[in-house]
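The values are calculated or read from the model by the stated rules, or taken from the named source; none is laboratory data. It should be emphasised that the depicted structure is a prediction, and the values quoted were computed from it without experimental measurement. Note: ideal-geometry Cβ built from the backbone for every residue, glycine included; neighbour counts use all protein chains shown.
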Amino acid sequence: MDLTFLRTTLSWTLRAGCLIHFFHSHVYEFKETRGESMLPTLQARHDYVHTLKNYKFGRNIQTGDIIVALKPTDPDQRVCKRVTGMPGDIILIDPSSGSLEKDKPDARSTAFDRYIVIPDGHVWLTGDNLSHSLDSRTYSVLPMGLIKGKIVAANDMNKSWKSLWGFRWIEGGVQPSDTPSWSRASSSDVT
């Protein structure tokens with residue numbers, strides 16, 4: 001075997017590896033997600049998400065976008081959550097913990113029945129499946145520097161290859177409700 005051929009092959013292999021690493025770190029990532037926190041938007045297993053890295057560090061992120069970020073309590077892990085608060089927004093820490101029956105004492109209400117203002121350079125994250133999500137209600141606001149990218153699409157690998165493995169676009173943005181939630185309460189809900 002010619003030494004020049006070996007050197008050329010090694011050189012091109014190293015270049016290709018560097019290009020793949022750069023692309024994966026700074027442009028695009030295709031990776032499996034696990035966990036129930038984003039049901040029904042993302043499946044608990046076998047969903048692979050397409051993540052664009054040009055949204056890294058929170059660039060051009062909007063309320064409603066689903067992002068991938070380093071977990072603030074364990075930087076070796078990643079989280080996949082929906083952005084529900086941007087800098088300057090006023091957020092109720094846990095709206096699901098509240099009760100229309102204010103007469104009943106609730107131990108959670110003192111800790112979670114508070115509003116906070118999201119500081120500059122931070123976002124508020126929640127999972128779509130609130131009852132099975134560790135999110136900003138647990139670890140508070142997330143620094144935008146921990147955001148690694150925005151999820152734009154997903155594939156369900158349980159589906160057939162004929163359907164492109166269940167390819168679907170992931171829509172961002174929160175649509176305002178036509179009717180405020182307080183006006184949808186029935187008379188039996190109010191005491």
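So here's what we get for this one:
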item	result
Qualifying residues in the range 119-168 (those that are among the charged types (D, E, K, R) and under 22 Å from residue 27 (Cβ atoms)) - the one surrounded by the fewest Cβ atoms within 10 Å (Cβ to Cβ)	168
All positions within the range 63-77 that are surrounded by fewer than 18 Cβ atoms within 10 Å (Cβ to Cβ) and touching a strand residue (DSSP E or B) at 6+ places or on another chain (Cβ under 7 Å)	63, 64, 70, 71, 72, 77
Failed item, numbered, when residue 63 is tested on (1) modelled with pLDDT under 95; (2) assigned to a loop (DSSP other than H, G, I, E, B)	(1)
Members of the range 1-42 found to be of a type in the set (D, E, K, R) and more than 17 Å from residue 79 (Cα to Cα), listed by number	2, 7, 15
Filter result (out of contact with any helix residue (DSSP H, G or I) (no Cβ under 8 Å at 6 or more places or on another chain), part of a helix (DSSP H, G or I) and either basic (Lys, Arg) or farther than 16 Å from residue 68 by Cβ (or both)) within the range 137-151	138
Residue among 47, 94 that is of a type in the set (Asp, Glu) and under 17 Å from residue 139 (Cβ atoms)	94
Selection from the range 18-47 of residues that are in a strand (DSSP E or B) and buried (at least 20 other Cβ atoms within 10 Å of the Cβ)	33, 47
Residue within the range 100-119 that is closer than 15 Å to residue 146 by Cβ and either at pLDDT 95 or above or not in a loop (DSSP other than H, G, I, E, B) (or both) present	yes
Boolean, residue 4 is modelled with pLDDT under 95 and touching an Asp or Glu at 6+ places or on another chain (Cβ under 9 Å)	no
